[in-house]
Amino acid sequence: MKNTVSKELKIKKANESKIGQVDFENLDFGKVFTDHMFVCDYANGEWQTPEIVPYGPLTMDPSARVFHYGQAVFEGMKAYKDDNGDTFLFRPDENFNRINKSAERLAMPKFPEDYFFEGLNTLLKLDSAWIKPGFGNSLYIRPFVIATQASVSASEADEYKFLIICSPAQSYYSGDVSVLVAEKYSRSADGGIGFAKAAGNYAGQFYPTNLAKKEGYQQVVWTDSNTHEYMEEAGTMNVFFRINDTLLTAPVSDRILDGITRKSLIAIAEKEGYKVDVRPVKVSEIVEAAKNGSLKEIFGAGTAAVVSPVKAFGYKGEHYEIEKQENSFASHFKNALMNIQYNKSEDSFGWRVKV
Ligand SMILES: *Cc1c(COP(=O)(O)O)cnc(C)c1O
């Protein structure tokens, strides 16, 4: 949203940095936050003065609508530092557009573009010491919007808070995961909010994911809610299948999140001359490919882990192992993408944005 908001960003710095207390060699994902956060309130039909303040708790009325009706949307993005100490974002305009698309679906006001980027850039400069150089190190950035209006009346709020908080992250390799293909539960439905990064989409996944964990699977691959015959995506990742040397992934829809990692991998693969098929992927064809040996890889794609290889999947009580590949597509595309993110390779797509 281009607009002419012009309130000046206010900055209140933390008295002391917490950075000395942080063990950057042993970071648990998403547990530690930087010294500052960005906050902007919406009231009286407009976004108020944006501020950067010391990171800390919020005080809210217990009747704030976010607690009752789940009006909450978020984004996940990262900042990367190269060996010269320069900081980069990766396609941040995509995150900005997507949080407003999510907000619109949840009847929340759009956030102004200039507030977003001025706030984000200022925050990253202020907390720059928290972004460690080194391939795989990053600062995970979490913008989010919540309905703060005090009232349990079941309609959209007219007061909101937009925030950005940041958490240092290490390159993590969680090991190859096993996934269970959903047969009963769904994460989204036609006409629903699956395409939005809406908080409730995630809450609804924890229970079926726990059931999958009891069977020895770490994650669920969701299928279409009507027939459960088509592969859709994982909890916070889009999913790719490699059959022989063709890469397959489902088209995005109102049920599937339009992942930035997903579309970047598709663009890189197509540019490098790989065959990419974006079309509905039948569970039965993947099972068939697993049986006849043409299924070479499955991997998830998302900002947090970049690319996450799948070593096995379960479906209708059967377990299918995927043989480990030398020179996997997963590691090739992960490197190609990270080289762009970390300013190690040419960025012919113009995705890298210097802070
Ligand atoms: C965030 C997310 C993704 C990945 O999106 P990226 O933009 O690549 O980080 C995929 N699926 C769901 C459900 C998500 O929430």
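Using the charge dipole of segment 17-96 (Lys, Arg: +1 at Cβ; Asp, Glu: -1 at Cβ; taken about the Cα centre), state which of 27, 53, 72 has its Cα farthest towards the positive end.
Ranked along the dipole, the leading option is 72.
How far apart, in nm, are the 7 Å Cα→Cβ label points at residue 26 and residue 214?
If labels sit at residue 26 and residue 214, their model points lie 3.4 nm apart.
Points 7 angstrom from Cα along the Cβ direction at residue 267 and residue 43: gap in nanometres?
4.0 nm
Going toward the positive end of the dipole of segment 177-341, with +1 on Lys and Arg Cβ and -1 on Asp and Glu Cβ, which of 314, 241, 337 do you reach last?
My answer, from the dipole projection, is 337.
State in Å² the accessible area per residue of segment 181-309; use a 1.4 Å probe, count heavy atoms of protein chains only, and round to the nearest integer.
Numbers: 5180 Å² over 129 residues.
I get 40 Å² per residue for this part.
What value does segment 302-355 have for Rg/Rh, both radii from Cα atoms and Rh as Kirkwood defines it?
On the way: Rg = 15.6 Å, Rh = 13.5 Å.
Across segment 302-355, the Cα-based Rg/Rh ratio is 1.15.
Would you mind counting up the charge near residue 345? Only other residues with Cβ under 14 Å from its Cβ, with Lys and Arg at +1 and Asp and Glu at -1. Show your work: numbers first, answer last.
Working: positive: 271, 334, 344, 352; negative: 82, 83, 272, 346, 347.
Neighbourhood net charge equals -1.
How high is the relative contact order of the chain? Use alpha-carbon pairs under 8 Å, at least six apart in sequence, and give a whole percent.
Details: 736 pairs, mean separation 64.4, N = 355.
Computed value for the chain: 18 percent relative contact order.
How much of the accessible area of the chain, in percent, comes from carbon and sulfur atoms when a 1.4 Å probe is used? Kindly include the intermediate steps, with their values, before the conclusion.
Numbers: 7820 of 16350 Å².
Reported share for carbon and sulfur atoms: 48 percent.
Ranked highest first by the average count of other Cβ atoms within 10 Å around their residues, in what order do 269-276, 188-195 fall?
Details: 269-276: 13.2, 188-195: 16.6.
Highest to lowest by the protection proxy: 188-195, 269-276.
R0 = 25 Å: FRET efficiency of residue 11 with residue 346, Cβ-based, nearest 0.05?
On the way: r = 36 Å, r/R0 = 1.42.
The pair residue 11/residue 346 has a calculated efficiency of 0.10.
Among 149, 302, 15, which residue has its Cα furthest toward the positive end of the charge dipole of the chain, with +1 on Lys/Arg Cβ and -1 on Asp/Glu Cβ?
15
Indicate, rounded to the nearest 5 percent, the antiparallel portion of the DSSP beta bridges found entirely in the chain.
So the antiparallel bridges amount to about 80 percent of the total.
Can you tell me what the convex hull of the Cα atoms of segment 177-341 projects to on average, as an area in nm²? Present the calculation step by step, with values, prior to reporting the outcome.
Details: hull surface 35.8 nm².
For segment 177-341, averaging the hull's shadow over all directions gives 8.9 nm².
Determine, at each q value in 0.06, 0.11, 0.14 (inverse angstroms), the log₁₀ of I(q)/I(0) that the Debye formula gives when each Cα of the chain is one equal point scatterer.
The computed values of log10 I(q)/I(0) come out as -0.23, -0.79, -1.24.
What whole number of Å gives the distance from the Cα centroid of segment 303-328 to the Cα centroid of segment 37-96?
34 Å
Work out the length of the dipole vector of the chain about its Cα centre, built from +1 on the beta-carbon of each Lys and Arg and -1 on the beta-carbon of each Asp and Glu, and round it to the nearest 20 debye.
180 debye
Can you give me the three principal axis dimensions of segment 10-169 from its C-alpha atoms, in Å, biggest first?
51, 30, 28
Over all directions, the average projected area of the alpha-carbon convex hull for segment 278-333 comes to how many nm²?
Working: hull surface 18.4 nm².
For segment 278-333, averaging the hull's shadow over all directions gives 4.6 nm².
Magnitude of the Cβ-charge dipole of segment 10-169, K/R +1 and D/E -1, about the Cα centre, nearest 20 debye?
Numbers: 17 positive and 23 negative charges, 39 e Å.
The dipole of segment 10-169 has a size of about 180 debye.
The values are calculated or read from the model by the stated rules, or taken from the named source; none is laboratory data. Computed from a prediction, not measured in an experiment: that's the story for all the values here. Ideal geometry is used to build each Cβ from the backbone, glycine not excepted, and the neighbour counts take in all protein chains shown. Just so you know, the surface numbers come from the protein's heavy atoms only, side chains and all, with ligands and any DNA or RNA stripped out. Shrake-Rupley method; radii C 1.70, N 1.55, O 1.52, S 1.80 Å.
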